[in-house]
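Data block below; observations after.
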Amino acid sequence: MHKEITVAMNKIYYLASCDTCRKIIKSLPKDHNLAFHDIKQNPITIEELEQMRELSGSYEALFSKKAQLYKSMDLKNKSLTEADFKKYILEHYTFLSRPVFIINGKIYIGNSQQNMHQVMLALANV
């Protein structure tokens, strides 16, 4: 009898309707071997969010303050706690800063040029 070790798949959490996400996906190396997770079609689970928080250190790091709902709900004038960030991300996909890459156990959040450079380096070493 032998046990199989399951290796967590490298993944990208993205929004298919987001132009920036689509542009980033097109720029990925052809042999990237990433699992794609469209957060609108397939909302993230509490377990997935917990894993992201563990890797990033906080829910706030995963939270998008650029989201239109952030402005329309006037959240910028509220003192949000970690519990609030978690609740909002789980309630509506738009609050997840995207894309989120998990590659070899490391997390890369957002679409900044520096972050995308790190993603490309990580994918080159997969």
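The values are calculated or read from the model by the stated rules, or taken from the named source; none is laboratory data. In this text the structure is predicted, and so the values were computed from the model without any measurement. As a convention, Cβ positions derive from the backbone with ideal geometry for all residues, glycine included, and neighbour counts pool all protein chains shown. Surface accessibility is based on the protein's heavy atoms, side chains included, excluding ligands, DNA and RNA. Shrake-Rupley method; radii C 1.70, N 1.55, O 1.52, S 1.80 Å.
Some observations on this one:
- Applying a DSSP loop filter and a limit of 13 other Cβ atoms within 10 Å to the trypsin sites (Lys or Arg not before Pro) in region 47-94 leaves 65, 66, 78.
- Heavy atoms of the protein chains alone define the surface here; on that basis the chain has 64 Å² accessible area per residue at 1.4 Å probe size.
- Straight-distance candidates among the aspartates and glutamates for linking to residue 71, with alpha-carbon spacing under 20 Å and chain neighbours fewer than 8 residues away dropped: 60, 82, 84, 91.
- Dimensionless Rg over Rh [region 41-90; C-alpha; Kirkwood]: 0.97
- Antiparallel %, DSSP beta bridges [both residues in the chain], to 5: 65
- GNM flexibility winner over the chain from 52, 116, 73 (Cα, springs under 10 Å): 73
- Ordering 82, 47 by accessible surface, largest first, gives 47, 82; the 1.4 Å probe counts only protein heavy atoms, with every chain in place.
- Choice from 109, 39, 24 showing the highest fluctuation, given a GNM over the chain with Cα pairs closer than 10 Å: 24
- Relative contact order of the chain, defined on C-alpha pairs under 8 angstrom at six or more residues apart (%): 30
- Separation of region 61-76 from region 13-47 is 20 Å, based on Cα centroids.
- Near the amide H of residue 40, within less than 5 Å, lie the amide hydrogens of 16, all on another chain or at least 5 residues away, with H placed in the peptide plane.
- When 84, 31, 19 are compared by accessible area at a 1.4 angstrom probe, the order from most to least is 31, 19, 84.
- With θ taken as phi - 60° and the Karplus curve 6.51 cos²θ - 1.76 cosθ + 1.60 applied, the whole-hertz 3J(HN,Hα) list for region 88-99 is 5, 4, 6, 6, 8, 4, 5, 7, 7, 5, 9, x Hz, x standing for glycine and proline.
- Within the accessible surface of the chain, defined with a 1.4 Å probe on protein heavy atoms only, the carbon and sulfur portion equals 51 percent.
- For the chain, the 222 nm mean residue ellipticity estimated from helices alone, with every DSSP H stretch of n ≥ 4 adding -39500 (n - 2.57) and the total spread over all residues, rounds to -10500 deg cm²/dmol.
- Taking 0.36 nm per residue of separation and subtracting the current Cα-Cα distance, fully stretching the chain between residue 42 and residue 115 would add 23.9 nm.
- In the elastic network of the chain, a GNM with C-alpha springs shorter than 10 Å, the most mobile of 104, 115, 77 is 77.
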